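Everything on this sheet refers to the single structure shown next.
The values are calculated or read from the model by the stated rules, or taken from the named source; none is laboratory data. Note that the structure is a prediction, hence the values are computed from the model and not measured. Cβ placement follows ideal geometry from the backbone for every residue including glycine, while neighbour counts extend to all protein chains displayed.
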Amino acid sequence: MNRIKGSIRNKLILFMLIATIIPIAASILITYSSNKETIKTNAVQQNSHLIFQGKTNLMYYLGIVDQATLSAYRDYQVFGILQSGYHGSIEQRNDLLRSIQLVSRSIGEVAQVHLDLYASREHFLYVNGRLTSSTRESPPHTVPTRPFNGYQSYTEATHLSHDYGVSYFPKNEPYPVLTLHRPFYNVPSTQELGLLSVDLRLDFFEKICAQLYNRDYENLYILDENGTVIYSKNEAEWGILLQYGWLGQLTGEEGSFEWKEGANSGMTIYQRMETSYMNWTIVKQIPYSHLYKDARDLTRINAGVYTLFLVIVIVATVIISIRFTAPIQALTAAVNKIQSGQLHVEIDSKSTDEIGVLARRFRIMMQTLNDMILREYALKLANRTNELKALQAQINPHFLNNALQSIGTLALQHGENRIYTLIASLGKMMRYQMNTDKTIVPLQQEIDYVKGYLELQQQRFDGRLQVELEAEPEALAIPVPKMTLQPLVENYFKHGYDSTAGGRIRIAATLSPEEELRVEVADDGRGMSVLELSALREKLRQGPSGGSGEDGGIGLLNVIARIRLYYNPLAELKVDSPEGGGLRVELYIPLKEGGLNHEGIDRGR
């Protein structure tokens, strides 16, 4: 007993023997009785997790389509057609085609998209990459309708596809589809304007469900709230209302139960997936013959393996305990030397186990500490050098600004008032640009900056530039992102100004009664061709992702992107080239909704 108390090696040997022999002996006695219940519990847990993953994937896929169907609400042109009806114009058809294509391309399993416009009784079918339409003779009754449910979409159980009464060629043979219906309302009223129906092929069900069960011996169902089959491995059951007795056990959000009657006897695991547009249940059935097969086989194997390895473990425990403690003793001796002040102690360990790794890491740690002591002084010296360079980089812009002020004072002393005015304008522009503390400024400061810029341009072109500035006092106090106006003005001199004939530029800022800031920059330059104007408008419509990397239009894209980021996502930038020449850029910023309410943005206060 004393030898055991005084030696960690003997304690470890005794502990490992006890910890090995007792669990193995107990495991042999209780394996058969408990293994069956354990495997059943594990099967429920594993399959519940697996079903949850499949449910998440299905909800994600359908959520993409559901979100895509909301595009008609976001597109005011398409929503206008829903409200006033379809009049057959090319523009209206293109608008509808664009909106329907967005839905069709949301996921690859969209088979066809049908849009029914109630006001004009016109309905459209997008299939095989083509948009076909026809006029109804009577109100729509081709799809199941539901009472008002809070502007939400809903699903129709699996059924064979059809053409919704819109004839097209060549015809597709009917095939199983799941349909997501999106009714459109004249928000905020409950007046229904139309219905968008998206037919989905069940390919994505097959791909996702194939990972959830084994078709050879397991069953998988996806049922709606009425018990109608959305999906099962037997395609003949698709769209059929099931009448099995075990359906009554599907209560609650998720769970499992054992069913011991008929061909469906076994373990059943289920989970509900409920959204605003569906209330489905995923049901997986595992027969008893397969569920407990592993338990029976494993018990027989374990009994033999445990007996064989029990002897091996006893011998290995003694050997491992001796080898385990030997490196610890060597490491303890090295620590004692380090404690006495010998920081360069050699710790040599060839062992590849955790103790060997610990010894090598300890040696690396000591080397690192020594290196860090030496590097500390070098780091302090490098930091001092970097601080000096940063200070010099900060001084240079202020030196240029001060130099301009000195030159301006000298010009004023010699009576060169015009030179002083131009230098003062340039100095104001530099101070405005160097002030990085403010990202949001009143419109007045933006206009003052542009005034200085235009004054320098007037001097450059010898008075051949005419400038008109009109701004309402109420508009001047409205905050906008810094450097918003200057790119609109500079665009004129880059692309439209004729230096030989001169030109005119007009800047106006007004505040409408609807609390909308309108900034207009118009010039009489060379303007843009129809193709150029169309390309620029397309860039602005696509946003920053539509930029091609060319200079033209990038400045305008940056302006509207910053306005929407800092200010209001509903802001618009419109470009027009009048017939008489020139270019007109109009910036609209709604103030009633949105505004400077994004957290984390520096307001310059």
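Quick notes on this one:
- Those strands (runs of 3 or more DSSP E) of segment 24-136 in which 3 or more residues are touching a Phe, Trp or Tyr at 6+ places or on another chain (Cβ under 6 Å) and in contact (Cβ under 8 Å) with a residue 60 or more places away in the chain occupy 110-117.
- Qualifying residue in segment 104-112 (condition: among the β-branched types (Val, Ile, Thr), under 34 Å from the mean Cα position of the chain (by Cα) and closer than 17 Å to residue 199 by Cβ): yes
- Boolean, residue 507 is crowded, with 18+ Cβ neighbours inside 10 Å, touching a residue at least 24 places away in the same chain (Cβ under 8 Å) and under 36 Å from the mean Cα position of the chain (by Cα): no
- For segment 516-546, a residue qualifies if it is at positive phi and either touching a strand residue (DSSP E or B) at 6+ places or on another chain (Cβ under 7 Å) or not assigned by TED's automatic domain parsing to the domain that holds residue 477 (or both), and exactly one does: 527.
- Of 574, 539, all but one fail to be of a type in the set (Lys, Arg), exposed (fewer than 15 other Cβ atoms within 10 Å of the Cβ) and at pLDDT 80 or above; the exception is 574.
- Scanning segment 557-590 for residues that are free of Cβ contacts under 8 Å to residues at least 24 places away in the same chain, part of a loop (DSSP other than H, G, I, E, B) and closer than 24 Å to residue 441 by Cα gives a single hit, 571.
- Residue within segment 461-484 that is among the hydroxyl-bearing types (Ser, Thr, Tyr) and either assigned to a helix (DSSP H, G or I) or farther than 22 Å from residue 564 by Cα (or both) present: no
- Identification of strands (runs of 3 or more DSSP E) wholly contained in segment 202-318 with 3 or more residues that are surrounded by fewer than 16 Cβ atoms within 10 Å (Cβ to Cβ) yields 254-259.
- On the stretch given as segment 510-524, residues that are free of Cβ contacts under 8 Å to residues at least 60 places away in the same chain and either surrounded by 21 or more Cβ atoms within 10 Å (Cβ to Cβ) or in contact with a Cys (Cβ under 6 Å, 6 or more places away or on another chain) (or both) total 1.
- Filter result for residue 206 (among the charged types (D, E, K, R) and assigned by TED's automatic domain parsing to the domain that holds residue 100): no
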